[in-house]
Amino acid sequence: MSKREVALIDLGRQHAELRSEIDGAIAGVIDSGQFILGPEVSAFESELAKACHSKHALGVSSGTDALLVALMALGIGPGDEVVTTAFSFFATAGVVARLGAKPVFADIEEHSFNLDPAAALAKLGNATRAILPVNLYGRLATLPQADVAIIEDAAQSIGSGPVRGLAACYSFFPTKNVGALGDAGAVVSDDEDFADRVRLLRTHGARPKYVHAMVGGNFRIDALQAAVLRVKLRHLQSWTKARQDNAARYRELFANATLPASVRIPAHSEDHVYHQFTIRTPRRDELQAALKAAGVATEIYYPHPLHLQECFAELGYREGSLPHTEAAARESLSLPIHAHLQEDDQAYVVEQIAAFFR
């Protein structure tokens with residue numbers, strides 16, 4: 001095949017297809033003059049709750065703030081511990097530390113990249129207040145059976161099903177499966193009291209205005225972002241199917257390619273919505289460089305596990321503490337999997353990988 005450019009994600013094409021709908025949605029907000037909360041946000045929250053098969057959805061300012069306000073709603077603070085994974089974006093553990101609590105890292109399952117439930121249970125102690133698993137790359141984590149609150153970091157797994165723990169926290173960062181035109185997030189829950197605390201905390205804990213029952217923050221979602229997300233939510237089901245179809249096509253292409261056994265593709269799971277299609281190889285960095293030279297964009301999620309980050313040095317983790325996590329950080333490489341990916345592009349990607357190993 002001749003050289004071609006394959007983007008990791010194609011927001012330009014997505015927005016071109018939706019431009020008239022998005023322009024109309026934004027114009028409607030401008031004409032209304034209601035930019036903070038209001039009817040557009042209420043409509044978005046109702047539609048999101050329905051899409052997530054859940055009772056309550058609260059729009060917030062980012063995926064990070066969704067995690068933060070969810071832990072605040074649990075009252076987590078100094079002296080508390082939250083068990084989580086070190087193979088994730090920084091926000092997962094960062095929000096725990098911001099509240100003065102201690103992130104306790106457990107290892108991942110080698111086959112799924114997700115928190116190992118048995119390893120998580122082994123980390124529980126008297127100070128544990130919550131478990132924070134991550135549905136990494138869009139695959140649902142197996143939840144531990146524990147007598148503490150479970151908050152799902154579902155930033156990458158919208159469309160995978162209903163909330164399974166106390167709450168799920170979503171991100172609408174522009175490159176997510178459903179992305180805003182900036183930062184936005186949501187907390188989704190079936191628990192009435194918990195949802196009400198999140199609703200209160202996102203507006204500085206005030207109800208009514210200027211009367212503060214709790215110390216919260218400014219975690220409100222903008223009405224403009226809610227309007228854009230309402231447009232995109234209508235396409236979630238078809239985009240998810242396209243990603244899953246692309247994953248199936250990758251599996252077929254990889255099955256027909258001649259590759260060493262050390263190259264591993266993601267394990268199949270019916271609930272996987274494929275925010276990423278992530279392969280593993282000990283020659284990851286060399287392969288990434290070769291793909292870049294061939295015009296194929298890839299990304300490493302995540303090259304530096306959280307337990308070895310400088311800001312968490314005082315927690316006492318060392319290399320070898322979480323062997324599956326550290327191996328994944330060395331070997332993982334995410335390929336293009338977006339809903340607008342073309343079949344010829346996928347064939348080109350796999351051909352370039354096969355050529356590298358030849």
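For every residue, the table says whether it meets (1) aliphatic (A, V, I, L, M); (2) in contact with a Leu (Cβ under 8 Å, 6 or more places away or on another chain).
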| position | (1), (2) |
| --- | --- |
| Arg264 | no, no |
| Ala297 | yes, yes |
| Leu315 | yes, no |
| Arg330 | no, no |
| Gln346 | no, yes |
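Go over the candidates Lys50, Lys3 one by one and state the one that is under 30 Å from Phe277 (Cβ atoms) and either part of a loop (DSSP other than H, G, I, E, B) or among the acidic types (Asp, Glu) (or both). Walk me through how you get there before you give the answer.
Details: Lys50 fails: either part of a loop (DSSP other than H, G, I, E, B) or among the acidic types (Asp, Glu) (or both).
Selected residue: Lys3, the only one of Lys50, Lys3 that is under 30 Å from Phe277 (Cβ atoms) and either part of a loop (DSSP other than H, G, I, E, B) or among the acidic types (Asp, Glu) (or both).
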Could you give me the residue pairs with C-beta distances under 8 Å whose first residue belongs to the range 213-232 and is in a helix (DSSP H, G or I), whose second residue is of a type in the set (S, T, N, Q) wherever it lies, and which are 6+ apart or on separate chains?
Ala223/Ser32; Ala223/Gln34
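Kindly evaluate Leu181 against the criterion of being touching a helix residue (DSSP H, G or I) at 6+ places or on another chain (Cβ under 9 Å), outside any loop (DSSP other than H, G, I, E, B) and either farther than 28 Å from Glu331 by Cβ or of a type in the set (Ser, Thr, Tyr) (or both). Write out each step before concluding.
Working: touching a helix residue (DSSP H, G or I) at 6+ places or on another chain (Cβ under 9 Å): yes; outside any loop (DSSP other than H, G, I, E, B): no; either farther than 28 Å from Glu331 by Cβ or of a type in the set (Ser, Thr, Tyr) (or both): yes.
For Leu181, the condition - touching a helix residue (DSSP H, G or I) at 6+ places or on another chain (Cβ under 9 Å), outside any loop (DSSP other than H, G, I, E, B) and either farther than 28 Å from Glu331 by Cβ or of a type in the set (Ser, Thr, Tyr) (or both) - is not met.
Give the residue, chosen from Leu253, Leu236, that is closer than 15 Å to Asn177 by Cβ and either β-branched (Val, Ile, Thr) or in contact with a helix residue (DSSP H, G or I) (Cβ under 8 Å, 6 or more places away or on another chain) (or both).
On the way: Leu253 fails: closer than 15 Å to Asn177 by Cβ.
Answer to the check: Leu236.
Out of the residues in the range 270-302 meeting the condition of being part of a helix (DSSP H, G or I) and in contact (Cβ under 8 Å) with a residue 40 or more places away in the chain, tell me which one is nearest to Asn135 (Cα to Cα). Let's see the steps before the verdict.
Filtering the range 270-302 for residues part of a helix (DSSP H, G or I) gives 284-293.
Now drop any that are not in contact (Cβ under 8 Å) with a residue 40 or more places away in the chain, which leaves 284, 286-288, 290-291.
On the way: Arg284: 23, Glu286: 28, Leu287: 26, Gln288: 24, Ala290: 29, Leu291: 27 Å.
Within the range 270-302, the match that is nearest to Asn135 (Cα to Cα) is Arg284.
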Candidates His307, His268, His275 - the one that is surrounded by fewer than 19 Cβ atoms within 10 Å (Cβ to Cβ) and either in the same structural domain as Thr85 (by TED's automatic domain parsing) or not hydroxyl-bearing (Ser, Thr, Tyr) (or both):
His268
For the range 310-349, which positions are among the aliphatic types (A, V, I, L, M) and either surrounded by fewer than 20 Cβ atoms within 10 Å (Cβ to Cβ) or closer than 19 Å to Leu115 by Cβ (or both)?
Ala313, Leu315, Leu322, Ala327, Ala328, Ala329, Ala347
Residues located in the range 244-269, provided they are farther than 22 Å from Ile158 by Cα, assigned to a helix (DSSP H, G or I) and in contact (Cβ under 8 Å) with a residue 40 or more places away in the chain
Leu253, Phe254
List pairs: first in the range 320-331 and assigned by TED's automatic domain parsing to the domain that holds Tyr302, second basic (Lys, Arg) and in a helix (DSSP H, G or I), Cβ under 7 Å, 6+ apart or cross-chain?
Arg330/Arg284; Glu331/Arg284
Got at least one residue in the range 62-72 being in contact with a helix residue (DSSP H, G or I) (Cβ under 7 Å, 6 or more places away or on another chain), in the same structural domain as Val228 (by TED's automatic domain parsing) and not in a helix (DSSP H, G or I)?
no
How many residues of the range 307-358 are closer than 27 Å to Val178 by Cβ and not in a helix (DSSP H, G or I)? The answer is 11
Any residue in the range 107-120 that is β-branched (Val, Ile, Thr), free of Cβ contacts under 8 Å to residues at least 60 places away in the same chain and over 25 Å from Arg197 (Cα atoms)?
no
Subset of the range 86-110, residues of a type outside the set (D, E, K, R), surrounded by fewer than 24 Cβ atoms within 10 Å (Cβ to Cβ) and either outside the structural domain of Ser62 (by TED's automatic domain parsing) or in a strand (DSSP E or B) (or both), comes to Pro103, Val104
For the range 233-243, what are the residues that are within 10 Å of Tyr274 (Cα to Cα) and either among the polar types (S, T, N, Q) or without any contact (Cβ under 8 Å) to a residue 40 or more places away in the chain (or both)?
Thr240, Lys241
So which residues in the range 145-164 are of a type outside the set (D, E, K, R), free of Cβ contacts under 8 Å to residues at least 40 places away in the same chain and crowded, with 22+ Cβ neighbours inside 10 Å?
Ala154
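The values are calculated or read from the model by the stated rules, or taken from the named source; none is laboratory data. Just so it is clear, the structure is predicted and the values come from calculations on it, not from any experiment. Note that we place each Cβ from the backbone using ideal geometry, even for glycine, and neighbour counts take in every protein chain shown.
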